[in-house]
Amino acid sequence: GIGNIPSFEVLNDAANSQNAIITVTPTYTNNGVICSGNPEQFTITVNPSAQVNGLADYNTILCDGEFTPVYSFSTANTDGLTTFNWTNNNVAIGLADSGEGGIPSFQVINSTQSTISATITVTPSYENNGIICDGNAETFTIIVNPSPEMDNVEDVVLCNNEISSIIEFTTPNTDGNTTYTWTNDNTSIGLASNGNGTVSAFTVLNSSNQTQVANIVVTPTFESGGVSNTGESETFTITVNPTA
């Protein structure tokens, strides 16, 4: 070009810094005579945009009390120094609200009765030749399922040959899907040794001359997002009195 160089937008689509050497040659004209002088040079260095590799694979679903993997961030840039700053919009999961570098493994927390989530925003910064360039932020999500819970079940007392009511199990968890498995330690009352879900109505039995007690142990399982975890068991009793 000729004359001054106007302001322009620099470009660098590469993964490393790019240099352009600008050579400027002065020309002096007087009385129809043109004289060229010694050229001078300067350099325009264009750093690449700061970049963090895609974080879609970091989306995580965990259960209350589990430990996360280590979240290490990387870049496709091949020179300079790339650093990462992150923020967390929900500290209730057990992670600080911000930090630098990778995120070490930590134990997630969910003290509620429904699923909670946190969005982690990672912003890369590229430094080279004393110039720092911030790049586009990337995000990933950590979802924490609650611990499975179930409501208390009242004990049942019946007489021999009576028909029990249907025994249904409920949970205070407000989302996801809670299922139940149960075991029975005394099948002589007419109930199977184990089952899933509701205990259907059945005719209770007691062919002995004394009271029969069956301990029913119910275990809840919470599932959401394809991840399930088992909660603490609850126990109730079915007591069958003998025929008078």
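Quick look at the numbers
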item: Within the accessible area of the chain (1.4 Å probe), percent carbon and sulfur; result: 48 percent
item: Mean-position separation - Cα centroids, the range 21-60 and the range 133-171, in angstrom; result: 64 Å
item: Cα-derived Rg to Rh of the range 97-244, Kirkwood definition; result: 1.32
item: Label point 7 Å beyond Cα of Thr174 along Cβ direction - residues of the range 114-155 with amide nitrogen under 12 Å; result: 114-116
item: Sequence-distant residues sharing a close amide H with Cys159 (under 5 Å, placed H); result: Asn241
item: Per residue solvent-accessible surface (Å²) - the range 57-104, probe of 1.4 Å; result: 54 Å²
item: Residue-wise HN-Hα coupling along the range 104-120, computed from phi with Karplus coefficients 6.51, -1.76, 1.60 (Hz; x: Gly, Pro); result: x, 4, 9, 8, 7, 10, 9, 8, 9, 10, 9, 5, 10, 9, 10, 9, 9
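The values are calculated or read from the model by the stated rules, or taken from the named source; none is laboratory data. Note that the coordinates shown come from a computational prediction; the quantities given were computed from them, not determined experimentally. Positions of Cβ are backbone-derived with ideal geometry, glycine not excepted, and every protein chain shown enters the neighbour counts. All accessible areas refer to the heavy atoms of the entire protein, side chains included, with ligands and DNA or RNA removed. Shrake-Rupley method; radii C 1.70, N 1.55, O 1.52, S 1.80 Å.
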